[in-house]
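> Please read through the structure below; I'll follow up with questions.
What follows is calculated from the coordinates using simple rules that are stated; it is not laboratory data. The structure displayed is predicted, hence computed values, not measured ones. Here the Cβ is made from the backbone with ideal geometry for all residues, glycine too, and neighbour counts use every protein chain on show.
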Amino acid sequence: MTPRLHAAAWWLWALALAVTASRTTNPLLLLPITCVAAFVVAARRSSAPWGRAFGYFVKLGVVIIVIRTLFAVIFAGSSGGDVLWVLPVVPLPGWLSGITLGGSVSTQLVIGAFSAGLQLATILICVGAANSLASPARLLKSVPAALYELGVAVVVAITFAPQLISDLLRLRSVRKLRGRPTRGLRGLVAVTLPVIEGALSRSITLAAAMDARGYGRLGDRSSQLRYLTAGLLLLSLSMSVIGIYGFLDASAPLLLGLPLLVLGLAAGLSAVALGSRGTPRTRYRPDTWEWREWATVLSAMVPAVIVSLYSAWQPLLMSPTWQPLSWMVPPLLTLAAVLVAVLPAWVAPDESANTAKQLPQPALVQA
Amino acid sequence: MINFDNVSITYADTTTPVLHRTNLTVPEGDLCLVIGATGSGKSTLLKAINGLVPHFTGGTLQGRITVNGRDTATHRPRDLADVVGYVAQDPLSGFVTDSVEEELAYTMESLGVPPSVMRQRVEEVLDLLALSHLRNRAPRTLSGGERQRVAIGSVLTAHPRVIVLDEPTSALDPGAAEEVLAALQRLVHDLGLTIVLAEHRLERVLEFADSMIYLPGSGSPARIGSPEEIMDSSPIAPAVVRLARLAGWSPLPLSVRDARRHAQSLREEIALAPSSAAAGLPLQQERSIDVVDAEVRYGGTTAIAHVNLSASPSEVLAIMGRNGAGKSSLLGALAGARRLSQGSVRIDGVPPQSLRGQQLVRSVGMVPQEPMDLLTYTSVERECAQADNDAGVTHGHTAQLLALFAPEVSAHDHPRDLSEGQRLALALAIVLAGKPRVIVLDEPTRGLDYAMKTRLASHLRVLATAGHTVVLATHDVELVADVATRVVVLAEGLVVADGGVAEIVLASPIFAPQVAKVLAHGGLAEKGIPLTPESVADILVAR
């Protein structure tokens, strides 16, 4: 069996890239990040159905940019800057005060909205890259079984997107059998509900199958210990949520986010450690964490750290206000740092070489 | 080992219980066979043994179920995992890992078996179920039969005391089914394992059963007894039992071997009967299917190659072959769903790949192996309405067709909640709504009880008489003997045999139907051996 990169390494790599994207709204930095993600996916994605997830995430990203920009134009209000055109202002009822329909649309407004949309899309594309690259099944193996309820939630969450993609491909092929449109908006709308419903129910079936096979079995544990782990877990979750919010929201003070996040993680880890005591789990073929995994994760930590530092140091360059309007070329160092994250395209083992001998999923129709 | 004490199970949104006041005991070391019509609660009964009902499905459980002394009300499925191994009907949905080897080890990992023991047991099971060449494959890339064997293997490695299997052989070819059943029987004999299995294809499992549970459905109490007792009155019976009832043999034989001891006089009677010269349809020149040198490839693998095949209207063509022989690929190519890498497929002279919308629906219709794949809506009603729309027929047409196959299905049901057989009926109704010239069915009898199978068979005959061409891929020899007019055997993607039903089916004991095995005098190759109980009845009536 050829070696494969640890699934968690892919996720950490992608999340670090997403953090990088969250620190800047400069399109000249965001676009290289999406390119890096796309390049690595093209080089190392899995041949399984979920390997095609990336394309769908990119499409979703484009939709987000379009919606974000359109909304900015429609609800323009009186934005300052170089006015492009003026839309008539439609009076709205009093309870909607604060929102203005129509108004003067400026270049700064459009560019700003586009950049914000691009930032969101880039974060999404990074998540898509992780979905394409990491096998959900191998990630599942790393989910601690000790915290059963959380484990089931994570199982459903992790497998949802891959199931969704497999189901989407399957349903499209079937619609063709029934002589219906498979492409375009009509095709998409018609399959949305069954696809989401089916993917969710299959994720839950999977959780049931794992349960029937002993996932989350407890050893002999005192109820005191159980309450302690549950309490720690709750504490950890709430601290992490606030911490992540503070960390991702660039306007919140860094001192709010980081310490809470670290504390939350620490509490979570100790809950897992406590919960794992006495669980009888063993490993058949443990996923190893070696230099390839370290290199992958570190390659994305480099831009995350450098871009975060720069956004604190030169906020105007990393999150420009476009006033006056000019090309805001990001520092060369940040660009170079982003390029470092392309490293896994060579460092990670090629999984398609491993799976080429296998028959692909016998879907009914080749798309 | 397994004890049901006055058990009733009611699901959340219904008022009638699926199981009602059921009392039964399965002793240790028994192979217990559960039978019943589709929707009679077989799956519920099986899931209740390892606690999936009600812990994962919801609903209320009244009474007490104990397995190896553990009460399922207080023990969740994961707490029973070391005692009960459960193999679901659709193994793919329950695969947790990326490779066969890891799949086999998964339960052991949860139970905390030491790694060295795990390795040894994985190797044992790989050999036992002939899976070692697949050890690094991803489960989703396996054929149906291989998946089933992996699912059984993944349960075996944990050495449970009880194994529960929901239709373990329904997706398997006759050879693979025999292997799996032989492996199960060895476990019963050598290790004293208790096995509970539900199965529709009684002809395959009946002779292995120590006891049987019959679920009559619709709230009547379950019956448990020896196979002879249950078979004596059960409306669900395999061909050999139906033949025995016809001939009035007593005690009732359950296996071909037993039946042959009684069969001497019947054989003579049939030999005296005027040989009803195999009618055989007049060969038509008109061709509805024309396949020339077809090849389908995925990546580096060739699924079918150099396939030449033609069929005329009114033919019922059965395609047989091992799991993974390329049957589904051939059917996909016929339905226009698979692109050919070489050669051509024509339906009435037109390549189905080029057809769109109503043209396609009217030319060729396919019921896929997993009928759920064809269903995309949240209610039977909407599904039928959409099918009427797609086919451009009057509203309500599909619903009428459905009522023909499965009258009990309500228009408001969610397709997901239907039984396997009911889903097949719905998919078939949808496909038939377009009155396609060619009807393609992939494994249509999976999960069908005998009554539904009879209805399906007679409807297929009606369709063929009306000038449709029916192509079905199946492992079900009894169905082939019943409806097919011609058989094509595929192996490794190549057509290895093409000919009349009797000629092909009787060529090997693995394919031969039970009745033929019972009535064969010298060898199976004799001319004019009847293949089904019905044809025996016809011969006896004709005299």
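> Show me the ranking of peptides A:285-291, B:204-210 by mean Cβ neighbours inside 10 Å, starting with the highest. Can you show the working numbers first?
Numbers: A:285-291: 12.3, B:204-210: 20.6.
The peptides rank, most packed first, as B:204-210, A:285-291.
> Order of B:71, B:476 from fewest to most other C-beta atoms within 10 Å?
Values: B:71 12, B:476 25.
Taking fewest neighbouring Cβ atoms as first place, the list is B:71, B:476.
> Counting DSSP beta bridges in segment B:2-247, what percent are antiparallel, to the nearest 5? Let's see the in-between values first.
Values: 17 of 35 bridges.
Around 50 percent antiparallel, to the nearest 5.
> Per residue of B:94-106, count partner chain C-beta atoms within 10 Å of its C-beta, then hand back the mean as an integer. Write out the running numbers ahead of the final one.
Details: counts 7, 3, 12, 7, 11, 5, 0, 3, 6, 2, 1, 4, 9.
Mean shielding count: 5.
> A follow-up question, please. Using bins 10 angstrom wide from zero, how does P(r) for chain A break down, in % of all Cα pairs?
Histogramming chain A at 10 Å steps yields 5, 18, 27, 26, 17, 6, 1, 0 percent.
> Expressed as cubic angstrom per residue, what is the convex hull volume of the alpha carbon set of segment A:1-107? Could the numbers behind the result be given before it?
Working: hull volume 16.8 nm³, N = 107.
Taking the convex hull of the Cα positions in segment A:1-107, it is 157 Å³ per residue.
> When chain A is modelled as a GNM with alpha-carbon springs shorter than 10 Å, which of A:255, A:118, A:15 fluctuates the most?
Answer for the Gaussian network model of chain A: A:255.
> How high is the relative contact order of segment B:289-505, in percent, counting Cα pairs under 8 Å that sit 6 or more residues apart?
Values: 450 pairs, mean separation 62.2, N = 217.
That works out to 29 percent.
> Hey, got the average number of other protein chain Cβ atoms within 10 angstrom for residues in A:166-179? Don't skip to the answer; put the middle values down first.
Numbers: counts 1, 1, 0, 0, 4, 4, 0, 5, 9, 3, 6, 16, 17, 15.
Whole-number average of other-chain Cβ neighbours for A:166-179 is 6.
> Would you mind telling me which residue in A:23, A:281, A:180 has the biggest mean-square fluctuation in a Gaussian network model of chain A, where springs connect alpha carbons within a distance under 10 angstrom?
Maximum among the listed residues: A:180.
> Which of A:241, A:58, A:40 ends up with the largest GNM mean-square fluctuation for chain A, with Cα atoms connected below 10 Å?
A:241
> Grab the DSSP H runs of chain A that are 4 residues or longer, score each as -39,500 (n - 2.57), total them, divide by all residues and round the 222 nm result to the nearest 500 deg cm²/dmol. Don't jump to the answer; show the numbers that get you there.
Values: 14 runs with 243 residues, N = 367.
Computed mean residue ellipticity for chain A: -22500 deg cm²/dmol.
> Remind me, relative contact order of chain A in percent, using alpha carbon pairs under 8 angstrom and six or more residues apart? Kindly include the intermediate steps, with their values, before the conclusion.
Details: 529 pairs, mean separation 107.8, N = 367.
So the answer I get is 29 percent.
> With an 8 Å Cα cut-off and a minimum separation of 6 or more residues, compute the relative contact order for segment B:2-247 in percent. Intermediate values should be presented prior to the final figure.
On the way: 454 pairs, mean separation 66.4, N = 246.
For segment B:2-247, the relative contact order is 27 percent.
> Using the Kirkwood radius over C-alpha pairs as Rh, can you work out the diffusion coefficient of segment B:1-159 via Stokes-Einstein at 25 °C, viscosity 0.890 mPa s, in µm² per second?
Details: Rh = 16.9 Å.
The estimated diffusion coefficient comes to 145 µm²/s.
> Follow-up. Give the separation of the Cα centroids, segment B:31-57 to segment B:347-369, in Å.
Using only Cα atoms to place each centre, the spacing works out to 39 Å.
> If you wrap segment B:289-505's Cα atoms in a convex hull and average its projection over all directions, what's the area in nm²? Please list the in-between numbers first.
On the way: hull surface 44.3 nm².
Its average projected convex-hull area is 11.1 nm².
> Mind sorting B:527, B:517 by how few other Cβ atoms lie within 10 Å of their own Cβ, fewest first? Please list the in-between numbers first.
Numbers: B:527 9, B:517 20.
By the 10 Å Cβ count, ascending, the order reads B:527, B:517.
> Based on the alpha-carbon gyration tensor of chain B and its eigenvalue square roots a ≥ b ≥ c, which shape applies: rounded if a/c is under 1.5, prolate if not and a/b is larger than b/c, or oblate?
rounded
> Please go through the residue pairs B:453/B:517; B:42/B:453; B:327/B:435; B:47/B:453; A:59/B:435; B:327/B:453 and name each one whose alpha carbons sit more than 28 Å apart in this structure. The partial results should precede the final answer.
On the way: B:453/B:517 21 Å; B:42/B:453 18 Å; B:327/B:435 23 Å; B:47/B:453 25 Å; A:59/B:435 38 Å; B:327/B:453 21 Å.
Over 28 Å apart, Cα to Cα: A:59/B:435.
> Moving to a separate point now. Can you give the angle from 0 to 90° between the axis of helix A:27-44 and the longest principal axis of chain A, with both taken from C-alpha atoms, to the nearest 10?
So the inclination is approximately 30 degrees.
> Can you give me the C-alpha center-to-center distance between segment B:385-422 and segment B:111-171, rounded to a whole angstrom?
Cα centroid of segment B:385-422 versus Cα centroid of segment B:111-171: 37 Å apart.
> Still on this structure, please answer the following. Using only Cα atoms, figure out Rg for the protein assembly as shown and give it as a multiple of 2.2 N^0.38 Å.
Details: Rg = 31.0 Å, N = 910, 2.2 N^0.38 = 29.3 Å.
For the protein assembly as shown, the normalised Cα radius of gyration comes out at 1.06.
> Also, quick follow-up: Around residue B:430, under 13 Å between beta carbons, what's the net of Lys plus Arg minus Asp minus Glu among the other residues? Spell out each step's value before the answer.
On the way: positive: A:175, A:178, A:180, B:382, B:423, B:435; negative: B:373, B:381, B:383, B:388, B:390.
Here the count lands on +1.
> Given all pairs of different Cα atoms, what value in angstroms does the Kirkwood hydrodynamic radius of segment B:492-543 take? Display every interim value, and only then the final one.
Working: mean 1/r = 0.0832 Å⁻¹.
Its Kirkwood hydrodynamic radius stands at 12.0 Å.
> Related question: Show me the ranking of peptides B:290-296, B:460-466 by mean Cβ neighbours inside 10 Å, starting with the highest.
Numbers: B:290-296: 18.3, B:460-466: 15.3.
Highest to lowest by the protection proxy: B:290-296, B:460-466.
> Report the local net charge at residue B:147: Lys and Arg +1, Asp and Glu -1, summed over other residues whose C-beta lies under 11 Å from its C-beta. Write down the numbers at each step before the final one.
Details: positive: B:137, B:140, B:149; negative: B:90, B:103, B:146.
Taking every other residue near residue B:147 into account, the sum is 0.
> Which angle between 0 and 90 degrees, to the nearest 10, do you get for helix A:291-313 versus the longest principal axis of chain A when only C-alpha atoms count?
30 degrees
> By counting other Cβ atoms within 10 Å of each Cβ, how are B:167, B:123 ranked from fewest to most? All intermediate terms of the calculation are to be shown ahead of the outcome.
Working: B:167 23, B:123 14.
So the ranking, lowest neighbour count to highest, is B:123, B:167.
> Which order do the peptides A:160-168, B:130-138, A:107-115 take when ranked by the mean count of other beta-carbon atoms within 10 Å per residue, highest first? Don't skip to the answer; put the middle values down first.
Numbers: A:160-168: 22.2, B:130-138: 17.9, A:107-115: 19.8.
Going by the mean number of other Cβ atoms within 10 Å, highest first, we get A:160-168, A:107-115, B:130-138.
> Still on this structure, please answer the following. On average, how many beta carbons from a partner chain sit within 10 Å of the beta carbon of a residue in A:280-292? Show your work: numbers first, answer last.
On the way: counts 6, 5, 11, 4, 14, 10, 2, 0, 0, 0, 0, 0, 0.
Whole-number average of other-chain Cβ neighbours for A:280-292 is 4.
> Run lengths n ≥ 4 of DSSP H only: what is the helix-derived mean residue ellipticity at 222 nm for chain B, with -39500 (n - 2.57) per run over all residues, to the nearest 500? Mind dumping the intermediate values first?
Values: 22 runs with 203 residues, N = 543.
Helix contribution divided over all residues of chain B: -10500 deg cm²/dmol.
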